1. Points 7 angstrom from Cα along the Cβ direction at ASP224 and LEU243: gap in nanometres?
2. Give me the base-10 log of I(q)/I(0) for the range 43-194 at each q in 0.16, 0.18 Å⁻¹, Debye formula, one uniform scatterer per Cα, rounded to two decimals.
3. In whole percent, how big is the carbon plus sulfur part of the accessible area of the range 34-183, probe 1.4 Å, protein atoms only?
4. List nothing, just return the count: lysine pairs in the range 147-248, 8 or more apart or interchain, with Cα separation under 16 Å.
5. Scaled to the compact-protein estimate 2.2 N^0.38 Å, what is the alpha-carbon radius of gyration of the range 152-215, rounded to two decimal places?
6. In what sequence, highest mean first, do 144-156, 236-248 appear when ranked by Cβ atoms within 10 angstrom?
7. How far apart, in nanometres, would the label points at PHE458 and GLN438 be if each is projected 7 angstrom from Cα along the Cα-to-Cβ direction?
8. So if I take the centroid of the Cα atoms in the range 153-223 and the same for the range 236-250, what is the distance between those two points in Å?
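The values are calculated or read from the model by the stated rules, or taken from the named source; none is laboratory data. Bear in mind the structure is a predicted one, so any value in this text is a computation, not a measurement. Every residue, glycine among them, receives a Cβ derived from its backbone with ideal geometry; neighbour counts consider all protein chains shown. Just the protein is used for accessible areas: all its heavy atoms, side chains included, with ligands, DNA and RNA removed. Shrake-Rupley method; radii C 1.70, N 1.55, O 1.52, S 1.80 Å.
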Amino acid sequence: MDDEEYLSSAEEEEDCEALDGIESEDQRCTSTSLSSTKVITRESLLAAQQEDLRKVMDLLTVREQHARTLLIYHRWDIDRLLAAFVEKGKERLFSEAGVTIVECRNSPSSWSSSPVMCQICMEEVQPNLVTTMDCGHCFCNDCWTEHFIIKINDGQSKRVRCMAHKCNAICDEDVVRKLVGRKHPDIADRFERFLLESYIEDNKKVKWCPSVPHCGNAIRVDGDAYCEVECTCGKQFCFNCSLEAHSPCSCRMWDLWVKKCEDESETVNWMSANTKPCPKCHKPVEKNGGCNLVSCLCGQPFCWLCGGATGREHTWSSIAGHSCGRYKEEDKAKRAETDLYRYMHYYNRFKGHMDSLKLETKLRASIQEKVSIVESMNFANKDYSWVINGLYRLFRSRRVLSYSYPFAFYMFGDDLFNDDMTEKTREMKKNLFEDQQQQLESHVEKLSGLLEEKFDEFTEEKIMELRMHVINFSVTVDRLCFKMYECIENDLLAPLQHAIHNIAPYKSKGIEKASELPIFQDTSASLKSTKTHRTDRSLLQASTTNEKRESDSSQPSSSGQFPASSPSPRKRARKDGRRDTLIDLNLPA
């Protein structure tokens, strides 16, 4: 083997090791700083909710309904709930959430057989037609039923309070379900649906997939909310704001950018040319006369030429106590023209790279066709994964490059960070960022050109040469993207004093795909069988008992089957648990 061949082989091995090193580093970041994501389907929603309910029931030894009330009050954040338990104590924790624990409930029928006066409708009813809640308040079933129906129709079914004056207690959901179900089964189904969907609607760790039409899935992220995820339906989005994946733009920057792009319409152009904002209420005002003193509906007079607030005394030639020269008006128009040109500069480059990304996605089919042709040839090397890996690196880096232009538009403009940087510091950081941006842009274009080569017509030696170039540029592009994110996070966003902007971290392998949450056997029977808590048990004792229970249940029984209290991995269609009908989450509530 000559020196040239040995050098090529050594360089190729070094490039492959560098590529593996970057990917392993990305995996380490994924396992530590980023959280795992799960897809919650209609079938697994009940299992996901009961998993959290079981944890709270084991730790605090309460019933299922009380665990749900506590979790809804604390937005399904178990850590926050336990922190409040340690800080405030059990009595205050339960009181704030509206949970009332009673050892036994005496029904009116056990008191006497005589009629009972309902304090709501002021009618006497038989003892078997009244219901007493855990808080001790007793009213007739008809009044309770009407109260529950009103609350459910008003969207307050997740926390239905007692009817008594100044009573903060949350009504027993079993009683609500029973009384409403007798007269209005459809409303009872809505009540069940609201309770079930509260795990998504009130949970900061869970959000609906924003796909259109809606796929019916939700995504759960157990960790940092500033991340980008992909649903099983293929929708990629930012978990924090539910908009499309937009890093390295922050959520605030991307929201402003989308609105700015949408505002470039004929209506907005007409309003910009024919109206001016009121200096007091900032609403657009149209001039309908020849006088340059105009008055807004809020009562504020202002000068039409410069937009400044004025008094009401004026003549046809001047406004008392106010003067504005033509120079300021021209300077203002020149500034507007400069802002427009600046916006068009960043928008054209953003759109240009997005158009290139759409065209490059068509390369996938042609590259797979080329690979199939080359694999049919009698070449020594049969591994062409480097082409696919280079293609995905191209997709990822092209997206980063595209979204870097809206980031630069707001980072170095006057809209967000005008008070955080001096003009000299802004110019220095702008030059540093643009140097990295141009370097990344140059290598991305070269990688794109290499992947468009007709390598199915190449000789084996030329294919090996192309392979080395693709691997080299893939590694370089990945490193440049990583350095750009480091620059944005550490040098640009971290020193900000007046605003906090977070971005999703860079990942070489692209946006993380969420995996489906496993569906376990319904454990509602075991949840219901949990007895009421004892007041003398502390949090430490509850935690110790829970750990022991988990360690015992993790071992199979002597028959080789799971214990009755442990969930079975068998998949099934989710049922209500108390009714025989299935709840379809795609139907409106």
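1. Simple spin-label model gives 2.0 nm for this pair.
2. For the requested q values the scattering log ratios are -0.94, -1.13.
3. Values: 3250 of 6880 Å².
Reported share for carbon and sulfur atoms: 47 percent.
4. Working: LYS151/LYS178; LYS151/LYS183; LYS158/LYS178; LYS207/LYS235.
Step by step, the pairs that qualify in the range 147-248 add up to 4.
5. It is 1.34.
6. 236-248, 144-156
7. It is 3.0 nm.
8. That distance is 28 Å.
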